[in-house]
1. Any idea which of (1) at pLDDT 85 or above; (2) more than 28 Å from the chain's Cα centre (by Cα) is the one R340 doesn't satisfy?
2. So which of R47, R61, R18, R37 is under 30 Å from A132 (Cα atoms) and open to solvent by 70 Å² or more (accessible area, probe 1.4 Å)?
3. Would you check if I127 is out of contact with any Lys or Arg (no Cβ under 8 Å at 6 or more places or on another chain), modelled with pLDDT of 95 or more and not polar (S, T, N, Q)?
4. Kindly indicate the residue of the stretch 168-179 that is touching a Phe, Trp or Tyr at 6+ places or on another chain (Cβ under 9 Å) and part of a helix (DSSP H, G or I) and also modelled with the highest pLDDT among those meeting that condition.
5. Checking L354 against (1) modelled with pLDDT under 90; (2) closer than 30 Å to S126 by Cα, only one condition comes out false. Which one?
6. Give the residues of the stretch 64-86 that are of a type in the set (V, I, T) and either crowded, with 20+ Cβ neighbours inside 10 Å or more than 25 Å from E291 (Cα to Cα) (or both), sorted by residue number.
7. Could you tell me whether A94 is modelled with pLDDT of 95 or more, open to solvent by 50 Å² or more (accessible area, probe 1.4 Å) and closer than 30 Å to A153 by Cβ?
8. So, of the residues in the stretch 396-415 that are open to solvent by less than 20 Å² (accessible area, probe 1.4 Å) and free of Cβ contacts under 8 Å to residues at least 40 places away in the same chain, which turns out to be nearest to E202 (Cα to Cα)?
Amino acid sequence: MGLPDLTPDRESLDPIERASADELAALQLERLRWTLRHAYENVADVRGRFDDAGAHPEDCRALADLARFPFTTKDDLRRTYPFGLFAVPLDRVARIHASSGTTGRATVVGYTARDVETWTEVMARSIRAGGARPGDRVHVAYGYGLFTGGLGAHYGAERLGCLVIPVSGGMTERQVRLLVDLRPDVIMVTPSYMLAILDELERQGVDPRATSLRVGIFGAEPWTEEMRREIEDRLEMHAVDLYGLSEIVGPGVAMECVETKDGLHVWEDHFYPEVIDPATGRVLPDGELGELVVTTLTKEALPMVRYRTRDLTRLLPGTARPMRRMEKVTGRSDDMVILRGVNLFPSQIEELILRVPGLAPHFQLVLARPQRLDELTVRVESRPDAAAAEQREALAARLRSLVKEAIGVSVEVDVLQPDLLERSAGKAQRLVDLRGAC
């Protein structure tokens, strides 16, 4: 049948989604100057770091002047834990969330009532850009609680006028039963957990293409174009990318538009993006690959100035919207493995796995140092129709060869029978570093 045309009516877009470049830049500068003053006047730690850098809010007379101000990092949030970077008193804070803590100690973030409203607005905008429409049923399988995914998706979908099914993560058999019985149009979930749901659909004898789903909105972890094709083909639905991070607002910083699927438009009226060289901190021109840095333009409780996300991407001109696009995140600067002098990211391995018929997209990289040199083992599952021992050996040889050809390093490959790798209802742990245990 093919995928449905979900191009939105231009009149349904927010006015800022149709604004000129000059109108957007003027709004950004006004909001940026407010943010710098707000942070400097109300957060002692920020004031100290600005003063040490010789940067004062009044020095910002153009958007390019932002480069004069110091970066904020996750270490700053940990160092001032829990409320040291808040710019409003706690009696004005309406909501607390926290990062998942997958790369270290969790970091606490706060929202005023106005911040929650802003977040709701950008999430509604994102969900509409992804292909949902008022009246659609939205199955939310992101985790609720301190993780920002579930409530961010929930509030945004309700604001758009959708019927929300707040399933949360886990209990995969129930996820499938609700998908079949409640017939949602949209699912919001991490891409790795969508694969687990797909496997469970097939295990229960349900044809994934026969479900009611038209759109999957996937975020919280990097995923590849190959995984998009896998999901779209198996479910016959659109698969689009949602970007955000707790320290900035949660999901809703940038969104892929369903009509183009050519990168994620950053909602630049609320979040100002830069891309830097991760080694030197130098701002790179649009189009060059580097680390994404984001400054909030409207956050009251926790303004973030030049927050280093560690996510690797590049900025590109707008297409479906006038705001710039960020290329799909390929990995994180702190997720990079240097194996015998070669830089390698989990997303590169995922791309190669999905080129091999017979391999399932469930994998894990195990880094060890049994003697002097680091060794990497790719643990990946076979598909059910390729689970025999001799088939798995042939698949392992094929993947080893592909990695050597495409990336230039030798790795071990362990092809497992289906369903042996642990499934995660949240972010998948792709890299296990055992070097300290060897």
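The values are calculated or read from the model by the stated rules, or taken from the named source; none is laboratory data. This is a predicted model, so every value here is computed, not measured. Note: ideal-geometry Cβ built from the backbone for every residue, glycine included; neighbour counts use all protein chains shown. The area values use the complete protein model at the heavy-atom level, side chains included, leaving out ligands, DNA and RNA. Shrake-Rupley method; radii C 1.70, N 1.55, O 1.52, S 1.80 Å.
1. The single condition R340 does not satisfy is (1).
2. Working: R47 fails: under 30 Å from A132 (Cα atoms); R61 fails: under 30 Å from A132 (Cα atoms); R37 fails: under 30 Å from A132 (Cα atoms).
None of the others qualify; the one that does is R18.
3. On the way: out of contact with any Lys or Arg (no Cβ under 8 Å at 6 or more places or on another chain): yes; modelled with pLDDT of 95 or more: yes; not polar (S, T, N, Q): yes.
Yes: the conditions hold for I127.
4. The selected residue is Q175.
5. (1)
6. Within the stretch 64-86, T72 is the sole residue that qualifies.
7. On the way: modelled with pLDDT of 95 or more: yes; open to solvent by 50 Å² or more (accessible area, probe 1.4 Å): yes; closer than 30 Å to A153 by Cβ: yes.
Here the answer is yes, as A94 does meet what is asked.
8. Of all residues in the stretch 396-415, those open to solvent by less than 20 Å² (accessible area, probe 1.4 Å) come to 396, 399, 402-403, 409, 411, 413, 415.
Applying the additional criterion that residues be free of Cβ contacts under 8 Å to residues at least 40 places away in the same chain yields 396, 413.
On the way: A396: 25, V413: 26 Å.
Among them, the one singled out is A396.
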